[in-house]
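K.L.:
First the structure, then my questions, so here it is.
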Amino acid sequence: MGRRQYLLCFFFLCLISSDQGLVKGVVGLACNWGTQSTHPLPANIAVKLLKENGFNKVKLFEADPAALKALGKSGIQVMVGIPNEFLAPLASSVQVAINWVQQNVSSYISRYGTDIRYVAVGNEPFLQTFKDTFLNTTFPALQNIQAALIKAGLGRQVKVTVPLNADVYQTDSGLPSGGNFRSDIHGLMISIIKFLSDNNAPLTINIYPFLSLYADPHFPVDYAFFNGTSAPVVDGSISYTNVFEANFDTLISALEKNGFSSMPVIVGEVGWPTDGDRNANMDYARRFNQALVDRINQGQGTPKRKTPPDIYLFALTDEDAKSVRPGNFERHWGIFYYDGAIKYQMDMGNGKPLVPAKGVRYLARQWCVMSPEASISDPNLPNSIAYACSYADCTSLGYGSSCGTLDARSNASYAFNMYYQTVDQRNGACSFSNLSTLTKVDPSQNPCRFEIMMDLGKHETPPRRSFAGRKENPAAMMAFISALILIICGAY
């Protein structure tokens, strides 16, 4: 991945972790709907949320049964994803792919009327941080899924694609016109693109201007936004005033260099988080996403592609069970909170404001906080906080985050409450070595929200995800928790 060679090298830092040529312009809005949450928004409520806010295309990261059923006859076009861990078995056998398509595509189309348009094979499988883990399985899996769709009689109706991170291309000149595919995967990329082109399928790319600010404190802030005032990057006769267009056109240059100038492209993920980093906040997220929605509604393309691609906003709601390996912001990409509540207002087109989720039911209005009689110097406090944050999402307590300015007692209260809510306010869950107590007075301090979770017992929901037993980068999480404990206990 490129490292700050010139101003444009931001897009080689997109490490997290979904058609222009298929339609003449974009109609409606597209969004990613992730479900990695301890308390996922019920599928029927999420579908209504999408529809009421003008989203007529959605990308799922996996074939979630509740989501696919709820999307049936909804009028929403669906891209259904295949997680990277499924690539090896799918690559090993066409029959495995046939079975997957039958179970996760054909059955929902025929039984529920789900309008599945794409199957996204893998998710950013060529990230350099993955090394060569998926290099030998992605293309065979793609070929087998395509064969399975044809066998199912869906070859024309459902197209395959591979969502890729922007680090699959680069530019030695630091300008979009110098774009080409990474040398270590150049041949593989050309093979995949040719296969997609031969099957009238699009290439999908994920672009994250936020990561330029996250990775480089010297990156000019305004260049990350569409309406910034930073000095443009001049590339011949073209002046680029924002990093999104420069990134996208670097890909277009790479396609042109390799004989695919008319290759359809989808922007599979783009957005801005609201918490977990000093640049992840409500004001920046509103600024970026509002301008993005405006571009989509106005049908605005880029200097090298005047017809805009389909752009899938990332994401619908927050997901408190996502890995924080890329950063604490990973759990805060939603334009809505986890429960479909509005974070910030936007004009979704023709003056239409965001509409919150309806029909959400919550647990009792009570919070678990540090007891007034408890002492910050209590020797049991560090272990109690560590336990709470090991099983609940404490990322909002980090430096520069929405709860980062709380005092020591409020920090402990936040940790206790997140655990208490995550385990559904169960009996005994607000017992931290006699350090905690229940209160019916909301302890939230703007902009820091002390959550009350949804009552899953009053909703029809998909299987829950728990923090217990999760294996995703425990060292990073424990480092965050350790730093948090030091802050709370006055070591900093």
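The values are calculated or read from the model by the stated rules, or taken from the named source; none is laboratory data. Predicted model, so just to flag it, every value in this text is computed and none were measured. Backbone-built Cβ (ideal geometry, glycine too); neighbour counts: all protein chains shown. Side chains are part of the model used for accessible areas, which takes the heavy atoms of the whole protein and leaves out ligands, DNA and RNA. Shrake-Rupley method; radii C 1.70, N 1.55, O 1.52, S 1.80 Å.
K.L.:
What residue, of ILE335, ILE342, is surrounded by fewer than 21 Cβ atoms within 10 Å (Cβ to Cβ), among the β-branched types (Val, Ile, Thr) and within 19 Å of SER402 (Cβ to Cβ)?
P.N.:
Going through ILE335, ILE342 in turn, the sole match is ILE342.
K.L.:
Here is a follow-up. Any idea which of (1) modelled with pLDDT of 95 or more; (2) surrounded by fewer than 18 Cβ atoms within 10 Å (Cβ to Cβ); (3) in contact with a Lys or Arg (Cβ under 7 Å, 6 or more places away or on another chain); (4) closer than 19 Å to THR274 by Cα is the one GLY400 doesn't satisfy?
P.N.:
(1)
Residue by residue, here is whether (1) modelled with pLDDT under 95; (2) within 30 Å of GLY28 (Cβ to Cβ); (3) small (Gly, Ala, Ser); (4) assigned to a loop (DSSP other than H, G, I, E, B) holds:
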position	(1), (2), (3), (4)
ASP378	no, no, no, yes
PRO382	no, no, no, no
SER410	no, no, yes, no
TYR414	no, no, no, no
ASN417	no, no, no, no
ASP442	no, no, no, yes
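K.L.:
Here are ALA285, ALA291: which of them is over 11 Å from the mean Cα position of the chain (by Cα), crowded, with 23+ Cβ neighbours inside 10 Å and part of a helix (DSSP H, G or I)?
P.N.:
Going through ALA285, ALA291 in turn, the sole match is ALA285.
K.L.:
Additional query: Does any residue in segment 438-452 that is β-branched (Val, Ile, Thr) come within less than 6 Å, Cβ to Cβ, of a residue that is open to solvent by 50 Å² or more (accessible area, probe 1.4 Å) six or more places away or on a different chain, and which pairs are these?
P.N.:
The qualifying pairs are ILE452/TYR362.
K.L.:
Kindly provide the set of residues from segment 207-233 that are at pLDDT 95 or above and β-branched (Val, Ile, Thr), ordered by number.
P.N.:
Result: ILE207, single match.
K.L.:
Now a separate question. Please state which of the following conditions GLY299 fails to meet, knowing it meets all the rest: (1) open to solvent by less than 20 Å² (accessible area, probe 1.4 Å); (2) at pLDDT 95 or above; (3) over 16 Å from ARG449 (Cα atoms).
P.N.:
In the conditions (1) open to solvent by less than 20 Å² (accessible area, probe 1.4 Å); (2) at pLDDT 95 or above; (3) over 16 Å from ARG449 (Cα atoms), GLY299 misses (1) alone.
K.L.:
A follow-up question, please. Filter segment 98-134 down to residues that are open to solvent by 20 Å² or more (accessible area, probe 1.4 Å), acidic (Asp, Glu) and modelled with pLDDT of 95 or more, then give me how many there are.
P.N.:
1
K.L.:
Still on this structure, I have one more. With respect to the numbered conditions (1) among the hydrophobic types (A, V, I, L, M, F, W, C); (2) over 21 Å from ASP275 (Cα atoms); (3) open to solvent by 40 Å² or more (accessible area, probe 1.4 Å), which one is the sole condition not fulfilled by ALA246?
P.N.:
For ALA246, the failing item is (3).
Here is a yes/no grid of residues against (1) under 30 Å from GLY457 (Cβ atoms); (2) among the β-branched types (Val, Ile, Thr):
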position: PRO356; (1), (2): yes, no
position: ARG365; (1), (2): yes, no
position: VAL369; (1), (2): yes, yes
position: ALA374; (1), (2): no, no
position: ASP378; (1), (2): no, no
position: LEU381; (1), (2): no, no
position: SER384; (1), (2): yes, no
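K.L.:
Now for a separate question. Are there any pairs, at least 6 apart or on different chains, whose C-beta atoms fall under 8 Å, with the first in segment 350-374 and closer than 20 Å to PHE336 by Cβ and the second assigned to a loop (DSSP other than H, G, I, E, B) and open to solvent by 60 Å² or more (accessible area, probe 1.4 Å), and if so, which?
P.N.:
Final answer for the pair search is PRO353/GLN345; LEU354/GLN345.
K.L.:
Just the residues that are among the β-branched types (Val, Ile, Thr), more than 20 Å from the chain's Cα centre (by Cα) and in a helix (DSSP H, G or I), please, taken from segment 103-132.
P.N.:
Listed by number, the residues that qualify are VAL105, ILE109.
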